[in-house]
Amino acid sequence: MLSRCSLSRMIAAIFVALCCITLLPHGAVILASNPGDSVPPTLSLDMPDNEETRDLLQKTLSVSEIDREIIRISADQISLEKKVALLNKQATEKKTAIATQEERAGAIVRSYYTGDRDGLLAAFLSAKSLSKFFMLFDYYELTIGRDHEILEQYEDQFKDLQSTIQSAERSSRELTELKYSLEEQKIRVETLNKEIESGLGASTDPIKMSALLEEFTQYWENIGLHEVKTYFKALSAAMKNLPQFVQNREGVLERRGMTYNLKLKEEDLNEFLHSQNKLFEDFAFHFDEGAVTAAGKSGNLSLQLKGHYTLLAPPESGLMFHVDDIIFNGLKLPDTTRKSLEEEFDLGFYPEKVISFLHATEVESKKGVLHVTLTLKF
């Protein structure tokens, strides 16, 4: 039998659970998983049709992602500050160490300009006997050789010092840019938070709306971002195998004199992706005029990408994919997330892996086809 204390605790727990179910807003994220599961929990997320609510969710998502960027920038700032301090310390130590060598090198250079070494050369040339000639030659060679050695040591030390100073200056500039970016992101977050607070105040039920935003933030940070990264990781892995697919696909690569024309149809690319990962069974790429789009859905998660290809700057060779837009469950991710994902996952295409002596010189996406011009390397 249950004790009176245990019974009271059970009644309290049931009461709290009923209150939570009653207060849970329509459209909130519902997470359900077993404690022992190693996979992400099953999700149920019904995005509201109300424009005001979606606007608040959009801003909440942006705040969450920009906050994450602020944390990253802050960590980079600390690391850069330590690097700048270390480089400046090294530069100071090297300046001290090179001072004596600089003085010796300066004295040697002055001696050549003022003619101090002319007497040695004259004595060497005026030798009366062969034995004295060789003795003076050895001395002259030793003196001149030592001069050159000192000058070379000074030159090496000076170049090393200059390199350290330049690294310190470059890191200082990066630090300044980083601090500016940090302040800029903080202002963005502050502005968004004010707009969210204003939106909550105008809501018919601020408490429920606040709870919805909190649930959505938890959903995105715990699961949504993980799922987006899963797709990007799978795409990055698949693109590494695309050159081999192109090489074995009849009609994709055509030779025209000294150039090759690679024509990758969207149906070929999608067939390739489906063969690479089951994630892409409901995911498809489309080539449009000057743009590449991709969209897919898995359960309650939908993802849309839009971007474009550009040529890598020489001596690199290949196509770099730039992410212009990412729409997650109908909500547009902020620019900080796009840049972060673009840096973390390489979605580029490297045609030179198809034929090593070719490099890409032109890329153009048209309706249904990606065109890449390849020329011979010289």
### Spin-label model distance (nm) - ASP324 vs ALA284, 7 Å beyond Cα toward Cβ
2.0 nm
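What does the extension gain come out to for ARG256 and SER181, with contour length at 0.36 nm per residue minus their alpha carbon separation? Present the calculation step by step, with values, prior to reporting the outcome.
On the way: separation 75, 0.36 × 75 = 27.00 nm, distance 4.79 nm.
Here the answer is 22.2 nm.
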### Task
Pop a pseudo-label 7 angstrom from the Cα along the beta-carbon direction at both LYS263 and SER298 and give the gap in nm to one decimal.
3.4 nm
### Task
Evaluate Rg over Rh across the range 177-288, taking Cα atoms for both radii and Kirkwood's formula for Rh.
1.22
### Summary
Excluding residues fewer than 8 positions from LYS94 in its own chain, the lysines with Cα under 20 Å of it are LYS82, LYS83, LYS159
### Query
So how much accessible area does TYR309 have, in Å² to the nearest 10, using a 1.4 Å probe?
40 Å²
### Task
Towards the positive end of the charge dipole of the range 213-295, with charges on Cβ (+1 Lys, Arg; -1 Asp, Glu), say which of THR217, ALA284, ASN248 has the farthest Cα.
ASN248
## Note on the structure
The FRET efficiency for SER275 and VAL369, from their Cβ-Cβ distance with R0 = 25 Å and rounded to 0.05, is 0.80
### Task
Rank by packing, highest mean first: peptides 68-79, 246-257, with packing defined as the count of other Cβ atoms within 10 Å averaged across residues.
68-79, 246-257
### Task
Give the carbon-plus-sulfur fraction of the accessible surface of the range 187-265 in %, rounded to a whole number; probe 1.4 Å, heavy atoms of protein chains only.
48 percent
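Determine, from the Cβ-Cβ distance of LYS159 and LEU312 and an R0 of 45 Å, the FRET efficiency 1/(1 + (r/R0)^6), rounded to the nearest 0.05.
Working: r = 30 Å, r/R0 = 0.67.
With a Förster radius of 45 Å, E is 0.90.
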### Positive minus negative residues near ALA360 (Lys, Arg vs Asp, Glu; Cβ under 12 Å)
-2
### Query
Once the whole set of protein chains is in place, how much accessible area is left on ARG188, using a 1.4 Å probe, in Å² to the nearest 10?
80 Å²
#### Entry: Qualifying aspartates and glutamates (Cα of each under 20 Å from Cα of LYS339; at least 8 residues distant if same chain)
GLU65, ASP67, GLU69, ASP76, GLU174, GLU177, GLU183, GLU184, GLU221, GLU227, ASP324, ASP325
### Query
Once fully extended, how much extra length lies between SER356 and SER167, figured as 0.36 nm per residue of separation less the alpha-carbon to alpha-carbon distance?
64.5 nm
### Message
Just to make sure I understand: if all protein chains stay in place, what is the order of GLU343, GLU52 by accessible area at 1.4 Å, largest first?
### Response
GLU343, GLU52
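Roll a 1.4 angstrom probe over the protein heavy atoms and tell me the percent of accessible area of the range 293-378 that is carbon or sulfur.
Working: 2150 of 4090 Å².
Ligands and nucleic acids excluded, carbon and sulfur reach 53 percent.
The values are calculated or read from the model by the stated rules, or taken from the named source; none is laboratory data. Given the structure is predicted, the values throughout are model-derived calculations rather than measurements. Reconstructed Cβ throughout: ideal geometry from the backbone, glycine too, with neighbour counts over all protein chains shown. In case anyone asks, the SASA skips ligands and DNA or RNA and just uses the protein heavy atoms, side chains included. Shrake-Rupley method; radii C 1.70, N 1.55, O 1.52, S 1.80 Å.
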